[in-house]
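Participant: Below is the structure I would like to discuss, written out as structure tokens.
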Amino acid sequence: MSALVQTTLNVELGDRSYPITIGERLLARRELLEGTTPARDVLVVSNTTVMPLYGEALKAALGGRRVVEVVLPDGEVHKTLATVSRILDVLVANRFGRDACLFALGGGVVGDIAGFAAATYQRGIDFVQVPTTLLAQVDSSVGGKTGVNHPGGKNLIGAFHQPRAVIADTATLRTLPSRELRAGLAEVIKCGLIGDAPFFQWLEDSIDRLVACEPEALAQAIRRCCELKAAIVGRDEREQGERALLNLGHTFGHAIEAATAYSSWLHGEAVGAGLAMAATMSQHAGFMDEREVARVEALLRRAGLPVVAADVRRDDAIAAMRIDKKAKAGRIRFVLMRGIGRAFLTADYPEDALAATLASRFAA
């Protein structure tokens, strides 16, 4: 797929279905942005990094409407109820009604916060995702999960609230710092591990092009990830079954983030380490062979992602895992693998498999 070709996929959810549009220079497409919502009152939510880069382009594409903006501080540490309250205060102060629309311009943190504000204001108003990071374009902007963190755990406060549209302008990735790009690759690799072994093989062949931010390779990866996630969300919107597979690596990853107070690890970096840990645990549990675990770890390393969490104590990690949203009846459930492309959710694993993983990947 050429990086210059616009592609549209759909998340099929009946009367709440919506398009995902992927392509270059979409923020310059006034007719595309205008067509996402009939709202006359628009709130653009962004952060101090992204707003100076793309805020004016988005506002210009929304010309003719009343556009108000909220510029948030950048970083996962600000993904809190206090930040959501700030957005709600602006909506109230400007007398936005139920027919208003909120545009989330930024990465996954902005999208999650803005989406949660939209879900709660007047019991729900429209919002549009305009993701500007690789991680957001391939994962967090799609599927309607919104929310904020709590000191006790990642994303413990939130709601399912589907966007009206997702506009993934791949040109915005050119201004993405290398560390952020690599963090996004964790979610790309995750997609191959969940249920697409040929895609994982393509990633092994293409990872150097992706790390180099080559447009055609990135466009192909974004499209495939969105296809996979859109299909899963369409079948299981509220994570009653299959959608839980999208959390591969996240039980470990969220524990890393919570244990470090969301201050030193990017979400994608924590997920990358979590993928390596899930593969290791799968091997210790007898589900996955050593050669495939080595392939997973080698690809993560080539993507520049960590595979251990030497700055996190195993006791702190296990404490965070115990309040993970997938825990059931006090038992931590993990997404593990029977091989590359064959993920499954289980609470039936040997305790020594978890203990061995914690001992080899975390600090004592």
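Participant: Roughly speaking, what is the stretch gain from Glu351 to Asn94, that is 0.36 nm per residue apart minus the C-alpha to C-alpha distance, in nm to one decimal? Let's see the in-between values first.
Facilitator: On the way: separation 257, 0.36 × 257 = 92.52 nm, distance 5.42 nm.
Answer, rounded to one decimal: 87.1 nm.
Participant: Continuing with this model, one more query. Just need the relative contact order of region 189-363 here, percent rounded to a whole number, with Cα pairs under 8 Å and 6+ apart.
Facilitator: Details: 252 pairs, mean separation 48.9, N = 175.
Reported as a whole number, the value is 28 percent.
Participant: Turning to a different aspect of this structure: Could you check which residue among Gly147, Gly108, Gly286 shows the biggest mean-square fluctuation in a GNM of the chain with a 10 Å Cα cutoff?
Facilitator: Of the options given, Gly286 has the highest mean-square fluctuation.
Participant: Taking neighbour Cβ counts within 10 Å as the exposure measure, how do Ile189, Ile157 sort from fewest upward?
Facilitator: Values: Ile189 30, Ile157 15.
So the ranking, lowest neighbour count to highest, is Ile157, Ile189.
Participant: Could you list the GluC sites (Glu not before Pro) in region 12-70 that lie in coil according to DSSP, counting only those with at most 16 other Cβ atoms within 10 Å of their Cβ?
Facilitator: Details: sites: Glu12, Glu24, Glu31, Glu34, Glu56, Glu69; in loops: Glu12, Glu24.
Listed in order of number, the matching sites are Glu12.
Participant: Taking the chain as a Gaussian network, Cα atoms linked when under 10 Å apart, which of Pro38, Pro306, Pro73 shows the biggest mean-square fluctuation?
Facilitator: Comparing Pro38, Pro306, Pro73 in a Gaussian network model of the chain, the most mobile one is Pro38.
Participant: Quick check of the Kirkwood formula: for region 106-228, what is the inverse mean of 1/r over all pairs of different Cα atoms, in Å? Could you put the intermediate results ahead of the total?
Facilitator: Working: mean 1/r = 0.0667 Å⁻¹.
Computed over region 106-228, the radius equals 15.0 Å.
Participant: How large is ³J(HN,Hα), in whole Hz, for each residue of region 66-79 in order, when computed from phi with the Karplus curve 6.51 cos²θ - 1.76 cosθ + 1.60 and θ = phi - 60°, using x for Gly and Pro?
Facilitator: With the stated coefficients, region 66-79 comes to 7, 10, 10, 10, 10, 10, 9, x, 8, x, 4, 5, 8, 7 Hz.
Participant: Using the Cα centre of region 189-363 as the reference point, and only Cβ charges (+1 on K/R, -1 on D/E), how large is the resulting charge dipole? Debye, rounded to the nearest 20.
Facilitator: On the way: 23 positive and 24 negative charges, 79 e Å.
Computed about the Cα centre, the dipole is about 380 debye.
Participant: Let me ask something else about it. Hey, got a sec? Which trypsin sites (Lys or Arg not before Pro) in region 94-196 land in a DSSP loop and have at most 15 other Cβ atoms within 10 Å? Working shown, then result.
Facilitator: Working: sites: Arg95, Arg98, Arg123, Lys145, Lys154, Arg164, Arg174, Arg179, Arg182, Lys190; in loops: Arg95, Arg98, Arg164.
Here the trypsin sites (Lys or Arg not before Pro) that fit, given the DSSP loop and packing criteria, are Arg95, Arg98.
Participant: May I ask for the angle, rounded to the nearest 10°, between helix 215-235 and the longest principal axis of the chain, with both axes built from Cα atoms and the value confined to 0 to 90°?
Facilitator: 90 degrees
Participant: Here is a follow-up. Give me Ile207, Ile318, Ile167 sorted ascending by neighbouring Cβ count inside 10 Å, so fewest comes first. Walk me through the intermediate numbers first.
Facilitator: Numbers: Ile207 22, Ile318 16, Ile167 26.
So the residues, fewest neighbours to most, are Ile318, Ile207, Ile167.
Participant: Relative to the first principal axis of the alpha-carbon coordinates of the chain, what is the inclination of helix 178-195, with its axis defined by its Cα atoms, in degrees from 0 to 90 and to the nearest 10?
Facilitator: For helix 178-195, the angle is close to 70 degrees.
Participant: Follow-up question, since we're still on this one. Alpha carbon centre of region 287-325 versus region 77-111: separation in Å?
Facilitator: Region 287-325 and region 77-111 have Cα centres separated by 33 Å.
Participant: Please give the net charge around Val44, taking every other residue with its beta carbon less than 9 angstrom from that of Val44, where Lys and Arg add +1 and Asp and Glu add -1.
Facilitator: Working: positive: Lys59; negative: Glu69.
Taking every other residue near Val44 into account, the sum is 0.
Participant: Right, here's the next one. Using Cβ contacts closer than 10 Å as the measure, can you line up Val148, Val67, Val45 from fewest to most? Mind dumping the intermediate values first?
Facilitator: Working: Val148 21, Val67 17, Val45 28.
Going from least to most buried by this count: Val67, Val148, Val45.
Participant: Next up: Given the C-alpha centroids of region 26-64 and region 239-279, what is the distance between them in whole angstrom?
Facilitator: Here the answer is 31 Å between Cα centres.
Readers should treat all values here as calculations from the given coordinates under stated rules, not as data from a laboratory. Owing to the predicted nature of the structure, the values given are computational and were not obtained by experimental measurement. Glycine gets a Cβ as well: all are built from the backbone with ideal geometry, and neighbour counts include every protein chain shown.
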